[in-house]
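Have a look at the structure below, then the notes.
The values are calculated or read from the model by the stated rules, or taken from the named source; none is laboratory data. All values derive from a computational prediction rather than experimental measurement. Here the Cβ positions follow ideal geometry from the backbone for every residue, glycine too, while neighbour counts run over all protein chains shown. For the accessible areas, the whole protein counts, side chains as well, though only heavy atoms, and no ligand, DNA or RNA atoms are used. Shrake-Rupley method; radii C 1.70, N 1.55, O 1.52, S 1.80 Å.
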Amino acid sequence: MNLVLGVSGSVAAYRSADLARELMRAGFVVRVCLTDAAEKFVTQALFEALTGQPCLTSAFDEPVAGRMAHIDWARSADVILVAPATANTLNKLAAGIADDMLTTLVLASEAPLVIAPAMNPHMYGSEVTRNSLDELRARAASIVEPLEGDVACGEQGQGKLASISAIVDAVREITARSAKLAGKTVLITSGPTREPLDSVRFLSNRSSGKMGSALARAVMLMGGQATLVCGPGSARPPLGAQVVRVETALDMLEAARGLAQRADLIVGAAAVADYRPEQSAHGKIRRSSEPIELRLVPNPDVIAELGKVAKPGVRIVGFAAEPDSALDAARQKIVRKGLFAIAVNNVSRPDAGFDVDSNELSLLFADGRTARSGLQSKLSCALWLLEQIVDSP
Ligand code: CTP
């Protein structure tokens, strides 16, 4: 496994040498990238001698002629660890600033990110740093919290680099997760559907597709290939996912049915419209003073239909948007739709469900087990959910 160790300019940079050795003992090929400030504390020569690999320091370093190192390293990294992460580097990573080799490399990479901050306790506790940590966590970075104690500047508080074993454990945990769907294809239905009334109007719902996109990103963080069949939501699918765009429930079924036969896991996160207008008028229905009647006919149950064509033994997971916390209706859906499990979100909560960035799931398994995610970003919820499914007996 290839690990890029980014070292930024904290006094704790001297401990990165031991950290690099421990990671090598744990089986990683370690390549180090230093920021300018890190070079005030430790040297390129030290890490090159320790790791037997080139150590990058400047944004234009190119150890292999003609191959841009920031792209080369970004692509080949299985995990990126920034330890120690100073306030400056951490805040830059959260904001997407790429003004040196380390921040450029992180921005260019899809690899999971582990960050071990070390800084003055006031810098760590400041609102801007807290917001950056929230932002990084929402993108599923693993933060190895600094310890309380005496820091180099003479103050007391939280800011000391975590222990080397805690950092190595966090890296191990994240790389174990990134193998859990290796070689697997996961089909996800996502977003709303639109059921046309005429050429300019449609029936739809408030789904944004954010949970489906988060699931696709989570699949990729777990080493799998994500196939997203998505309705017209606002959420941007992650780079690297296979995306099939559809409009109506019937389109969704047709597209997903073809893909379901190759899927190793199927997740129905779409808010499929249960009904469609029996007839969709060509052109525009004109205004008149008379009431009009709309006759709706039921749409197929996409997830239940996919169960009929999926490979034997494939786990099918549904979502249930319930208007209250009662779980009985969701339990019935497990049976009715032939699901392995169903993730229930209570859409009456302002911080969970439709069109927000956080979610809280209750997961009900067909065998009666239950689990709860707690309130987390949609990406963290998606990772939690997929791990629950993959780790289930
Ligand atoms: N679903 C589907 N096709 C439909 C309706 C729902 O694939 N026509 C899937 C959703 O993607 C979700 C699960 O079924 O994974 C549950 O969706 P939900 O809307 O909660 O259930 P419904 O079957 O629509 O039941 P109700 O409207 O009575 O709650």
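My understanding is that a pair violates if its Cα-Cα distance is over 25 Å; which of K184/K308; K184/K337; K308/K378; K210/K311 do that in this structure?
Working: K184/K308 20 Å; K184/K337 23 Å; K308/K378 29 Å; K210/K311 27 Å.
Violating the 25 Å Cα-Cα cut-off are K308/K378; K210/K311.
Would you please give the FRET efficiency between A371 and A65, computed as 1/(1 + (r/R0)^6) with r the Cβ-Cβ distance and R0 = 56 Å, to the nearest 0.05? Don't skip to the end; give the middle numbers.
Working: r = 52 Å, r/R0 = 0.92.
In this case the efficiency is close to 0.60.
Please give the peptides 275-283, 129-137, 381-389 ranked by average Cβ packing (other Cβ atoms within 10 Å per residue), highest first, as a rough proxy for protection. List each step's numbers first, then the result.
Values: 275-283: 13.1, 129-137: 16.7, 381-389: 22.4.
For the peptides 275-283, 129-137, 381-389, the packing ranking is 381-389, 129-137, 275-283.
Might you report the magnitude of the Cβ-based charge dipole of the chain about its Cα centre, with Lys and Arg at +1 and Asp and Glu at -1, to the nearest 20 debye? If you can, show how the numbers build up before the last one.
Details: 41 positive and 43 negative charges, 241 e Å.
Around 1160 debye, computed over the chain.
Per residue of the chain, what 222 nm ellipticity follows from adding -39500 (n - 2.57) for every DSSP H run with n ≥ 4, rounded to the nearest 500? Provide the component values of the computation, followed by the final result.
Values: 13 runs with 131 residues, N = 393.
Taken over the chain, the calculation gives -10000 deg cm²/dmol.
Using a probe of 1.4 angstrom, how much of the accessible area of the chain is carbon and sulfur, in percent? Can you show the working numbers first?
Values: 9240 of 18400 Å².
Carbon with sulfur: 50 percent of the solvent-accessible area.
Mind ranking 1-13, 167-179, 239-251 by how tightly packed they are, going by the mean number of other C-beta atoms within 10 angstrom, highest first?
Values: 1-13: 24.3, 167-179: 18.5, 239-251: 16.7.
Ranking, from highest mean packing down: 1-13, 167-179, 239-251.
Which of S163, S288, S207 ends up with the largest GNM mean-square fluctuation for the chain, with Cα atoms connected below 10 Å?
S288
Any idea how far the Cα center of the range 244-281 sits from the one of the range 56-100, in Å?
40
With label points built 7 Å along Cα→Cβ from the Cα atoms of Q332 and M1, find their separation and express it in nm.
Each label point is offset 7 Å from its Cα along the Cβ direction, giving 4.5 nm.
Please compute the per residue accessible area over the chain with all protein chains in place, 1.4 Å probe, rounded to a whole number of Å².
Values: 18400 Å² over 393 residues.
Normalised by residue count, the accessible surface of the chain is 47 Å².
Once a ≥ b ≥ c are taken as the square roots of the eigenvalues of the Cα gyration tensor of the chain, is the result rounded (a/c under 1.5), prolate (a/b larger than b/c) or oblate (a/b not larger than b/c)? Before the final figure, lay out each step's value.
Details: a/c = 2.19, a/b = 2.18, b/c = 1.00.
Note, shape of the chain comes out prolate.
Would you work out which of L375, V297, L327 lies farthest towards the positive end of the dipole of the range 283-393? Charges go on Cβ: Lys and Arg +1, Asp and Glu -1.
Towards the positive end, the residue furthest out is V297.
Between the range 121-177 and the range 308-370, what is the separation of their alpha carbon centroids in Å?
Rounded to whole Å, the Cα centres lie 33 Å apart.
Collect residues whose amide H, placed 1.01 Å from N in the peptide plane, falls under 5 Å from the amide H of D198; neighbours closer than 5 in sequence don't count.
A281
So, counting K/R as plus one and D/E as minus one, what does the shell of residues with Cβ under 12 Å around S132 add up to? Provide the component values of the computation, followed by the final result.
Details: positive: K92, R130, R137, R139; negative: E127, D134, E135.
Once all neighbours under 12 Å are counted, the net charge is +1.
Quick check: the angle from helix 127-138's long axis to the longest principal axis of the chain, C-alpha only, nearest 10 degrees?
60
Full extension from D274 to E39: what is 0.36 nm times the residue separation minus their Cα-Cα distance, to one decimal in nm?
Details: separation 235, 0.36 × 235 = 84.60 nm, distance 6.06 nm.
Stretched fully, the D274-E39 segment lengthens by 78.5 nm.
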